[in-house]
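Structure, as structure tokens:
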Ligand SMILES: Nc1nc2c(ncn2[C@@H]2O[C@H](COP(=O)(O)OP(=O)(O)OP(=O)(O)O)[C@@H](O)[C@H]2O)c(=O)[nH]1
Ligand SMILES: [Zn+2]
């Protein structure tokens, strides 16, 4: 009998399924026990926590997969604790419309978002620095965690790594914000962010399997970017949207089904007038209603 361990599935591609045992800081080929092996292995996700036995010839026999807390499909990873939403003030300029949408979507999937401002080394003028401070304030007051880093200068990377202790995370963000640079800087593993869906020669889309890269203190990050475009009307009802604008949920309105647009005695609009909710975030909310839910909203 080999020794029993707890571990995590870190890849399922080509040559087989690999499990990682944090206690040994090592990866091993993994198999299911008993009959119906193929069927059992198919159901296993990257990110699954398992209990298993390490054999004398260095293989893991999986005995039990622990219950999943969630499962993302882009990338296909289970038990994702956090998503790093990578963004920049400069090169490229910030796209808060996209960021606000992703904050809603990942919250919906119960993945805690962390807003990462990368390329802070590029901010030279007072105006640029104030711009970063402005957005940092907006998102911190709204209830999100904000981290400011430079992948290039390796600035504040340890804060980020420490913050991800014991977590499975994925990353997402627009093209050119430094996703691959940042993952390489954190893990030491060279990656080139690739599209989750690759077009094959026959023109068919195939899903490329994601792997987890171990780093820091028992932390793991997906090597494939998470979705960065989403139509929220596919995943939720328009009435649910404001519940995912975290700061809105601190206020109550006269009507239970208030959309916070023109209704009287709306707590959200009152907070907006008092400056407790930022105009930028409120406008993002309206924009999502227009873009994803086909609302026609008159602005004053
Ligand atoms: N100045 C500066 N440049 C950076 C930093 N991080 C990345 N870059 C540069 O930004 C460019 C884009 O970086 P990538 O890591 O390829 O960005 P990406 O988000 O993976 O891009 P896609 O593959 O298009 O999605 C590269 O030229 C990097 O060298 C940083 O912290 N500071
Ligand atoms: Zn309201």
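We did not get these values from a lab; they are worked out from the coordinates using the rules stated. Computed from a predicted structure; not experimentally measured. All Cβ positions, even for glycine, are placed from backbone atoms using ideal geometry, and neighbour counts span all protein chains on display.
What residues from the range 65-100 fall in the zone where the backbone N is under 20 Å from a label point 7 Å along the Cα-to-C-beta line of residue 122? Output list for this probe position: 84-100. Each 10 Å bin from zero holds the following percent of Cα-Cα pairs in the chain: 6, 24, 29, 22, 13, 5, 1, 0.
Within the range 102-137, what residues put their amide N at less than 14 Å from the label point 7 Å along the Cα-to-Cβ vector of residue 249? Counting only backbone N, you get 103-113. For the pair residue 166 and residue 141, label points projected 7 Å from Cα toward Cβ lie 3.3 nm apart. Working from the Cα coordinates of the range 1-72, the gyration tensor eigenvalues give, after taking √(5λ), semi-axes of 17, 14, 12 Å in decreasing order. Shape descriptor for the range 66-107: Rg over Rh equals 1.10 (Cα atoms; Rh from the Kirkwood inverse mean 1/r). Label positions at residue 41 and residue 217, each projected 7 Å from the Cα along the C-beta direction, are separated by 3.6 nm. Of the candidates 94, 61, 261, which one comes out as most mobile in a Gaussian network treatment of the chain with C-alpha springs shorter than 10 Å? Judging by the Gaussian network model, the answer is 261.
Taking 7 Å steps out from each Cα toward its Cβ at residue 131 and residue 294 produces label points 3.6 nm apart. Here the Debye sum runs over all C-alpha atoms of the range 1-126 as equal scatterers in vacuum, and log10 of I(q)/I(0) at q = 0.10, 0.11, 0.17, 0.20 Å⁻¹ comes out as -0.46, -0.53, -0.88, -1.05.
Across the range 209-255, what fraction of all alpha-carbon pairs, as a whole percent, falls in each successive 10 Å bin from zero upward? The distribution over the range 209-255 is 18, 28, 25, 23, 6, given as percents. Sorted largest first, the principal axis extents computed over the alpha-carbon atoms of the range 214-300 equal 52, 28, 23 Å. Could you tell me how many degrees, from 0 to 90 and to the nearest 10, lie between the Cα long axis of helix 96-108 and the main elongation axis, the longest principal axis, of the Cα atoms of the chain? Taking the Cα atoms of the chain, the angle to 96-108 is about 50 degrees.
I need the per residue convex hull volume for the range 81-159, using only the alpha carbons, in cubic angstrom as a whole number.
Details: hull volume 7.1 nm³, N = 79.
Per-residue hull volume (Cα only) is 90 Å³.
Subtract the Cα-Cα distance of residue 109 and residue 57 from 0.36 nm times their separation in residues, and report this length gain in nm to one decimal.
Numbers: separation 52, 0.36 × 52 = 18.72 nm, distance 3.91 nm.
Answer, rounded to one decimal: 14.8 nm.
Would you kindly give the portion of the calculated P(r) for the range 71-222 that falls above 24 Å, as a percent of all Cα pairs? For the range 71-222, the fraction of Cα-Cα distances above 24 Å is 32 percent. From helices alone, the chain scores -7500 deg cm²/dmol at 222 nm; the rule is -39500 (n - 2.57) for each run of n ≥ 4 DSSP H residues, then divide by the residue total.
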